[in-house]
Every structure is written in structure tokens, then in C-alpha cells.
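A.B. asks: Pasting a structure here, questions to come.
Please treat every number below as a calculation from the coordinates, not as lab data. Just so it is clear, the structure is predicted and the values come from calculations on it, not from any experiment. Because the Cβ atoms are built from the backbone with ideal geometry, glycine has one as well, and the counts that use them run over all protein chains shown.
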Amino acid sequence: MSSRKSGPYSDNTSMDDDPLTDDDSKKNEERILELERANREYESTVQDYLRQIITLQNSLKKSHGQECAELIKEKCQEVEEV
């Protein structure tokens, strides 16, 4: 008959065999915080770019509207001359 251990370390490992040390755990936590910070900066940059795009689109609409108004005015003058 063979005897089998039961419990959390039934595979003959112990807490000391845990490959994730406190240093590793701390490094992982620091890395997570660093990645979260980088992600927030990235999201902020994306929001800034979106604001710039919207501003440029609005500016383009205004200038396009002015160009159209000028063209209409020119065409009206041409028609009046004829």
C-alpha cells in the first residue's frame, strides 16, 4: 500500500518552493502600476488628438462654407452681368 498526502501541499511542495517571491510580487505590482499610468497617458493623448481633429473639422467646415458663399456670390454677379 502506498501512502498519499492530502492537503494544500499534497504534491510534496512547500511554501518555500513557491516560484513567485515577495520581490517578484512587488515587481509585478510596480509593473502593473507603470502600465496603468502609461495607459492613462495614452488615453489622454488619444483624447487630445480627437479634440484636435474635431477642431480641424469645424474649422474646415467654416472655411468651406465661406468658399462656397464666395463662389455663389461670384456666380450671382456673372448671372446679373448676362
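A.B. asks: Given a Förster radius of 35 Å and the C-beta distance between Gln57 and Leu35 as r, what FRET efficiency does 1/(1 + (r/R0)^6) yield to the nearest 0.05?
C.D. replies: Numbers: r = 32 Å, r/R0 = 0.93.
Efficiency for this residue pair is about 0.60.
A.B. asks: Provide, in order from the shortest bin, the percent of all Cα-Cα pairs of region 22-81 in each 5 Å bin, continuing until the bin that contains the maximum pair distance.
C.D. replies: Result, from short to long distances: 4, 15, 9, 11, 8, 8, 8, 6, 7, 5, 5, 4, 3, 3, 2, 1, 1, 0 percent.
A.B. asks: Also, I was wondering about something else. HN-Hα J couplings of region 68-82 from phi, Karplus 6.51/-1.76/1.60, θ = phi - 60°, integer Hz, Gly and Pro as x?
C.D. replies: Residue by residue, region 68-82 yields 5, 4, 5, 5, 4, 4, 4, 5, 4, 5, 4, 5, 5, 5, 7 Hz.
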